[in-house]
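The values are calculated or read from the model by the stated rules, or taken from the named source; none is laboratory data. Just so it is clear, the model here is predicted, and its values are computed rather than measured. Here the Cβ positions follow ideal geometry from the backbone for every residue, glycine too, while neighbour counts run over all protein chains shown.
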Ligand code: IPM
Ligand code: MG
């Protein structure tokens, strides 16, 4: 049997630097744990535009469809700001999500003990925080039709459409309930049923799926604006939050910042199972391409490393090895290794991107 395949798309900005550290980690699991992957690499985002004039070629799209998992760094940068909307780096990422039908976007917001002081909130409000936002990723206002900028009389009108079918809501609700059963067994669903019909349908369908299939899971509903408030007031009340594409975009950024360390957060985008039983999957750090520090060896590779840990868990059924990698990262933080984004007053020189990768490797060695 051939090895599982992993397509690496480093992308733009700090993407290639953090991905170089992930490749070290992949090498370690190969050499020390016998986990073999067929790794290939390709271009996405501005890097693809520079070579091919498009942020994602059809060939790369086809490779992503066939890969057992895709690992992406980051896309975008000021260099591409003036490009036409249709070829902007972000369009490459959105095409991957849409064509692979990656409807469930898992964004953990976890506060590492060693980093609780970094939050803008008080330490006791965030210490031990561990929530999972499940964001619907392939529908809603990001993709709804009609859309565009049209002319109406003398003025232009910008149009986007929020649209959800029952089945789109039901499948992401199932993802959230399944996850909750493996965690704290609680789901909070967020929409704006007070102003949007799509929100009314969202609330109804989530409740129906719950009552029919997951009555054992504790379900609550919140308006998304109140949810945002509760997230910063008392985030530890939540276990799994399920919400639509746009609210999920906003709420997950807010939740990420609660942890004080955007450079630490991974994500997984999962679709339906393929013929081999694995879900279609793309893993990426929550942080962006950080063009201001790109190419300087300052970036924190942990979010991308932890994204690979999510791949081990959700795509390759290697939960124990995933935990080993997550523990290694925690250990490195506890030992005080800090990239520039994690420095505090009085700290000495920061660890570079590759120092951090090497420290994780050393912690992995120590785990054997
Ligand atoms: C995210 C990003 C993307 C989004 C952009 C880069 C298209 O903000 O993954 O949260 O809006 O979904
Ligand atoms: Mg976002």
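Taking residue 249, is it within 30 Å of residue 120 (Cβ to Cβ), assigned to a helix (DSSP H, G or I), within 16 Å of ligand 1 (Cβ to nearest atom) and not assigned by TED's automatic domain parsing to the domain that holds residue 270?
Taking the combined requirement at face value, the residue satisfies it.
Looking at 183, 203, 163 in this structure, which one is touching a residue at least 12 places away in the same chain (Cβ under 8 Å) and within 20 Å of the chain's Cα centre (by Cα)?
183
Among the residues in the range 340-349, are any under 30 Å from residue 230 (Cα atoms), within 16 Å of ligand 2 (Cβ to nearest atom) and in contact with a helix residue (DSSP H, G or I) (Cβ under 6 Å, 6 or more places away or on another chain)?
No, because not a single residue in the range 340-349 is under 30 Å from residue 230 (Cα atoms), within 16 Å of ligand 2 (Cβ to nearest atom) and in contact with a helix residue (DSSP H, G or I) (Cβ under 6 Å, 6 or more places away or on another chain).
Among the residues of the range 116-135, are any under 29 Å from residue 58 (Cβ atoms) and either away from ligand 2 (no atom under 15 Å from the Cβ) or not assigned by TED's automatic domain parsing to the domain that holds residue 274 (or both)?
Yes, the range 116-135 contains at least one residue that is under 29 Å from residue 58 (Cβ atoms) and either away from ligand 2 (no atom under 15 Å from the Cβ) or not assigned by TED's automatic domain parsing to the domain that holds residue 274 (or both).
Let's see how each residue does on (1) within 23 Å of residue 308 (Cα to Cα); (2) within 16 Å of ligand 1 (Cβ to nearest atom); (3) crowded, with 16+ Cβ neighbours inside 10 Å; (4) modelled with pLDDT of 95 or more:
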position	(1), (2), (3), (4)
211	no, no, no, yes
224	no, yes, yes, yes
234	no, no, no, yes
243	no, yes, yes, yes
255	yes, yes, yes, no
259	yes, yes, yes, no
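Within the range 91-142, how many residues are within 14 Å of ligand 1 (Cβ to nearest atom) and surrounded by fewer than 17 Cβ atoms within 10 Å (Cβ to Cβ)?
Residues meeting the conditions: 1.
Just to be sure, is residue 76 modelled with pLDDT of 95 or more and assigned by TED's automatic domain parsing to the domain that holds residue 184?
Criteria not met by residue 76.
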